[in-house]
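The values are calculated or read from the model by the stated rules, or taken from the named source; none is laboratory data. No experiment lies behind these values; they were computed from the predicted model shown. Methodologically, a virtual Cβ is constructed for each residue, glycine included, from the backbone with ideal geometry; neighbour enumeration extends over all protein chains shown. Please note that ligands, DNA and RNA were not included when accessible areas were found on the heavy atoms of the full protein model with its side chains. Shrake-Rupley method; radii C 1.70, N 1.55, O 1.52, S 1.80 Å.
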Amino acid sequence: MDRDTVVTRKYSTTRSILLFEGGDRLAYWRRFAMLLTLSVIIATMGLLRNSGAVVIAAMLVAPLMTPILGIAAAMVMGWLKRAFVLTLTVCIAAVLCVLMAWILVYLADVPRGILIPDQVLARTDPGTEDLIVALAAGVAGAYVQINKAELSLLPGAAIGVSLVPPLSASGILLYFGEPADAYEAGLLFATNLGAIVLSACAVYIVYAARSVAFGKGRRKLNFTAGVVITMAFLAFVVVQLGKSTYNRYLETRTEAEVAQAIRDWADPVSVEIIRIDVNAKRKRAEVWVIVDLPPEAQFKVSSVAGLLPESLRETSLVDVLQDELGPGYLAVIRYQTRIGAQVILGTETVQQAPDVEKLSDEE
């Protein structure tokens, strides 16, 4: 028995899983197509319903982990042609997932005017932490494929890496007319794909195929070429993720600075900041602010501007935002006023309500 046969037998990913060959290959592909379709349906509905539990169910059903691990195993064994075929298969399946998600949302006739669910938006901001998770999940998935005794770990690996949900999110976002966010969701899938292949290669080399990968001849050359291509792909992904992570850092810092500027502008008037969302890439900002009016304002008949304290009328909120963000930003401002009072019950003592944040700190 030659070395390659011994190494191949140590994989649980051979033949039916790795090569997708044999007399029952049509049955396998039918099963693959059925599970992939079910996974897309579950993920799309879960994202639209904003249900994390349903999205997790889609991760467990998705069959994409198998061919992705097959790419890594084929690379390690020096089967470059099979690795290419499996890569093409995964890419075609990914495109079909996006298309199926778009069709599902279209058939459901989801109104385009509604707010995009948070579960969808959560997959439009990939960062370097997603790459780390994908690397770890790839190690876990490859380890389980080699050690069948650890099959109980497979659901955890499937949940840890997100394959079908980002593709479904991409289809949903295309339906909503958000191609930029759809690209970001696709980038998350690409991150997981490249990281799983690379980390799975490392596991397979350590556990089974070290002699093949580091041997001599054509297979070693093919393995080296596969790893170089994967590393180049991951380098491109890392650059994109680095930009996203840096933009997120800038946005977080800018949001904190805008919040502080609003508090300084309103001081000593109590102001509650409901939401500040800055998108530096698109130069868009959304600000929700509630300003407390003095108790006596309820007895006056005048415009809101007339009820505001004089200090707030001197400098508008728009001016504050322009000073912090700069010109050219599209700012969506939701500015509300309310009567704020502090009453000592049983007496006629009515005072201005204390600042909302001070009350939160005391609690």
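From the residues in the stretch 261-291 that are among the acidic types (Asp, Glu) and surrounded by fewer than 16 Cβ atoms within 10 Å (Cβ to Cβ), which one is nearest to Tyr335 (Cα to Cα)? Show your work before the answer.
As a first pass, look at the stretch 261-291 and keep what is among the acidic types (Asp, Glu): 264, 267, 272, 277, 286.
Now drop any that are not surrounded by fewer than 16 Cβ atoms within 10 Å (Cβ to Cβ), which leaves 264, 267, 277, 286.
Working: Asp264: 16, Asp267: 16, Asp277: 14, Glu286: 11 Å.
Among them, the one singled out is Glu286.
For the stretch 220-238, name all the residues that are open to solvent by 80 Å² or more (accessible area, probe 1.4 Å) and among the β-branched types (Val, Ile, Thr).
Of everything in the stretch 220-238, those that are open to solvent by 80 Å² or more (accessible area, probe 1.4 Å) and among the β-branched types (Val, Ile, Thr) turn out to be Val228, Ile229.
For the stretch 120-140, which residues satisfy the criterion of being assigned to a helix (DSSP H, G or I) and within 15 Å of Pro179 (Cα to Cα)?
First, the residues of the stretch 120-140 that are assigned to a helix (DSSP H, G or I): 120-121, 128-140.
Residues satisfying the conditions are Val120, Leu121.
Which ones in the stretch 34-55 are in a helix (DSSP H, G or I) and either over 18 Å from the mean Cα position of the chain (by Cα) or more than 20 Å from Val98 (Cβ to Cβ) (or both)? Give the steps one after another, and end with the answer.
Step one: list which residues in the stretch 34-55 are in a helix (DSSP H, G or I), which gives 34-48, 52-55.
Of everything in the stretch 34-55, those that are in a helix (DSSP H, G or I) and either over 18 Å from the mean Cα position of the chain (by Cα) or more than 20 Å from Val98 (Cβ to Cβ) (or both) turn out to be Met34, Leu35, Leu36, Thr37, Leu38, Ile41, Gly52, Ala53.
Of these, Ser152, Ser211, Ser168, which one is out of contact with any Pro (no Cβ under 6 Å at 6 or more places or on another chain) and either modelled with pLDDT of 70 or more or crowded, with 24+ Cβ neighbours inside 10 Å (or both)?
Just a single option satisfies the conditions, and that option is Ser168.
Examine the stretch 93-113 for a residue that is touching a residue at least 24 places away in the same chain (Cβ under 8 Å), assigned to a helix (DSSP H, G or I) and within 14 Å of the chain's Cα centre (by Cα), and state whether such a residue exists.
Checked against the condition, which is being touching a residue at least 24 places away in the same chain (Cβ under 8 Å), assigned to a helix (DSSP H, G or I) and within 14 Å of the chain's Cα centre (by Cα), the stretch 93-113 yields no hits at all.
Going through the stretch 171-181 one residue at a time, which ones are surrounded by fewer than 24 Cβ atoms within 10 Å (Cβ to Cβ) and free of Cβ contacts under 8 Å to residues at least 60 places away in the same chain?
Pro179
Of the conditions (1) open to solvent by less than 50 Å² (accessible area, probe 1.4 Å); (2) at pLDDT 80 or above, Leu308 fails just one. Which one is it?
Exception for Leu308: condition (2).
Which count do you get for residues in the stretch 99-122 that are open to solvent by 40 Å² or more (accessible area, probe 1.4 Å) and hydrophobic (A, V, I, L, M, F, W, C)?
Total satisfying the criteria: 11.
Could we say that Gly52 is at pLDDT 80 or above and surrounded by fewer than 22 Cβ atoms within 10 Å (Cβ to Cβ) here?
Details: at pLDDT 80 or above: yes; surrounded by fewer than 22 Cβ atoms within 10 Å (Cβ to Cβ): yes.
Considered against the rule, which asks whether it is at pLDDT 80 or above and surrounded by fewer than 22 Cβ atoms within 10 Å (Cβ to Cβ), Gly52 comes out as yes.
Please go through (1) closer than 30 Å to Glu129 by Cα; (2) not in a helix (DSSP H, G or I) for Thr252 and return the number of the only condition it doesn't satisfy.
For Thr252, the exception is condition (2).
Go through (1) open to solvent by 50 Å² or more (accessible area, probe 1.4 Å); (2) without any contact (Cβ under 8 Å) to a residue 40 or more places away in the chain; (3) more than 30 Å from Leu221 (Cβ to Cβ) for Val85 and report which single condition fails.
(3)
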